[in-house]
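The structure under discussion appears below in the form of structure tokens.
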Amino acid sequence: MDIQEELKQAIQNAIADVYQSAVDTNGVGEVLLQPTKKEFEGLYTFVTFPLTKTLRQSPAQIGQSIGSWLVEHSPVVSGFNVVQGFLNISIANSAWVQVLNDIAMDSQFGSLPQKGQSVMVEFSSPNTNKPLHLGHLRNNFLGDSVSRILAANGYDVVKTCIVNDRGVHICKSMLAYQMFGNGETPESAGMKGDHLIGKYYVLFDKAYKAQVEEMVAGGTPKEDAEKQAPLMQEVQQMLRLWEQGDPDTVALWSQLNSWVYKGFDETYRNIGVSFDKTYYESNTYLLGKEIVEEGLQKGVFYRKEDQSVWIDLTEEGLDQKLVLRSDGTSVYMTQDLGTTDLKFQDFRNDRQIWVVGNEQDYHFNVLFAILRRLGRPYASQLFHLSYGMVDLPTGKMKSREGTVVDADDLIQETTEAASTAADEAAKGKLDEFSSTEKTELFRMLGLGALKYYLLKVDPQKRMQFNPAESVDLHGHTGPYIQYVHARIQSVLRKAAETGIQFAVPVEASELDELEQQLVFLLSQYPQRVADAGEHYSPSYIAQYAYDLAKTFNQFYDRLSILKETDPVKLNTRLILSKAVAETIRKAMELLGIQVPEKM
């Protein structure tokens, strides 16, 4: 039962019945409802001002007439009040009971009908010269959550990742390893492979900067020194050797990358992220040259005197863009044109989404504009999910300077902080847990704290991550919601242990205002899933889960559940509690967050 839709239809019927001589129902247009302001009684408000000219009555008169009709004829309406041109409508108790029964008996509640369309979500996109860090975590959590939300919206979802495993930045780590590594391995160093290679990326930067400073001190302009420094020259030579297929260079590249991939895989497992297909830049960087030739033939691109190839996008407000260098080598845009074509050929998705930071906004605007000019059939269904950077209280992170927060370290720190917070809140109750159960609980809370904190903020906003705030069991956090779920499960276990049986359908009974609020919030879940899918924003789901958990806590604190003596009310409250727990679980699952059965 959809109360809002039934109410809209009832209002249309009221207008047709009361004013049939004055207005055709079709002339009213769509009935729009809004939440009633807290200072007035009612749940939904219908604004009557737009109807005054057509119906030739004052807004208050129209509200009074429609409200009276609804009370007499609609089973979902129990009362109304009119404040000037605002008709505030109260919902009948029987309607809430029916909604609760519908939700409780629907095992697929919250999952929307299949769309018959497929969507590709590309995210993560790590470099093999460093481990995943805090910024990568926001990317991974966003990509994974959006994929889950789109699946709940009825789309077939394909999750892909492209690994940036070649180029100058990769050669920097390789050269530093040659210079300083002395055969070190992840095993001999006692480090994950991605952390080990990240160490050499930082070592290169320190040595390179020292060379530049020395050259500048000797009178070389800084810009020239940065290009002419011996280490940078060696890096450029190493890249040329790699592109030429030099066996020793390729062997070193393969060995170091294999260590990094093993480290990445461990991190992905720890954060619960996976991909249906991974693309590697080393396999795709030459793609796109045929597309450039196609564009030249179509007149989409033009060649300059130095033989470089460009496109003029000034009409789109995007300036001119290089797509092929004068020596015939590819640029990132060339590669992305080819890779986008390849992904479409592989999966034929109806839509492609890239989860990439907002520093790449211009790049994707250009990419999409070029593909439209080329007449690609999929070009109108490309979307860049642009998100803001994540800062620390100490400032911006910089990989080269070693000031990033590694994802693995952050997960460990958050887990430890969550364990401390949980121990303090439990006041000895965790003594019942085995060592394994504690470890799993703390991991669940720590990862839940991290994911929720990064996902509750609108993706487009730049944000600051505060580890201490993220694990607060009483704030707007993941652990708070996880705790409420565990609290409900405890109530349900106690009911079972004491032999209390409860089942649907719930019998008609007078619901408390907080019970009605909970049913109303539950009924809103499918719409929140739809909103999150439409806007590619897990923050809709995060806010919903928090609102539901907070309202349940108010209900739990004010109304008795297991001590209720009225069997009908007891049954209703247990069914309501179970529905809340199940909906919290589903919502948090869309965020990639697990919820504990006990805390």
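The values are calculated or read from the model by the stated rules, or taken from the named source; none is laboratory data. Keep in mind that what you see is a predicted model, and the values were worked out from it rather than measured. Cβ sites come from the backbone with ideal geometry, for glycine too, and all protein chains shown count toward neighbours.
Within the stretch 515-538, the set of residues being among the hydrophobic types (A, V, I, L, M, F, W, C) and closer than 10 Å to LEU576 by Cβ comprises LEU518, VAL519, LEU522.
Hey, VAL355 hits all of (1) under 17 Å from GLY375 (Cβ atoms); (2) assigned by TED's automatic domain parsing to the domain that holds PHE123; (3) of a type in the set (A, V, I, L, M) but one; which does it fall short on? The number of the failed condition is (1). Just to be sure before I move on: is ARG443 part of a helix (DSSP H, G or I) and either over 24 Å from ASP409 (Cα atoms) or in contact with a Cys (Cβ under 8 Å, 6 or more places away or on another chain) (or both) in the structure I sent? In short, no.
Counting the residues of the stretch 306-316 that are modelled with pLDDT of 95 or more and among the charged types (D, E, K, R) gives 2. Just name the residue that is nearest to the chain's Cα centre (by Cα) out of those in the stretch 428-478 that are surrounded by fewer than 19 Cβ atoms within 10 Å (Cβ to Cβ) and either outside the structural domain of ARG585 (by TED's automatic domain parsing) or of a type in the set (Val, Ile, Thr) (or both). Among them, the one singled out is THR439. Here the condition is being in contact (Cβ under 8 Å) with a residue 12 or more places away in the chain, in a loop (DSSP other than H, G, I, E, B) and within 26 Å of the chain's Cα centre (by Cα); of GLN594, GLN543, it holds for GLN594 alone. Only a single criterion out of (1) under 30 Å from LEU511 (Cα atoms); (2) among the small types (Gly, Ala, Ser); (3) in a helix (DSSP H, G or I) is not satisfied by GLY135, namely (1).
Within the stretch 165-188, the set of residues being surrounded by 14 or more Cβ atoms within 10 Å (Cβ to Cβ), farther than 19 Å from PRO126 by Cα and among the hydrophobic types (A, V, I, L, M, F, W, C) comprises LEU175, ALA176, MET179. For the stretch 322-357, a residue qualifies if it is crowded, with 16+ Cβ neighbours inside 10 Å and among the polar types (S, T, N, Q), and the qualifying residues are SER330, THR334, GLN335, THR339, THR340, ASN349, GLN352.
Which residue out of LEU548, LEU570, LEU576 is at pLDDT 95 or above and under 21 Å from the mean Cα position of the chain (by Cα)? Reasoning before the result, please.
Details: LEU570 fails: under 21 Å from the mean Cα position of the chain (by Cα); LEU576 fails: under 21 Å from the mean Cα position of the chain (by Cα).
Being at pLDDT 95 or above and under 21 Å from the mean Cα position of the chain (by Cα) holds for just one of LEU548, LEU570, LEU576, which is LEU548.
Residues checked against (1) of a type in the set (Phe, Trp, Tyr); (2) surrounded by 14 or more Cβ atoms within 10 Å (Cβ to Cβ); (3) free of Cβ contacts under 8 Å to residues at least 60 places away in the same chain; (4) assigned to a loop (DSSP other than H, G, I, E, B):
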| residue | (1), (2), (3), (4) |
| --- | --- |
| LYS494 | no, no, no, no |
| ALA503 | no, no, no, yes |
| GLU507 | no, no, no, yes |
| GLU510 | no, no, no, yes |
| LEU514 | no, yes, yes, no |
| LEU521 | no, yes, yes, no |
| ARG528 | no, yes, yes, no |
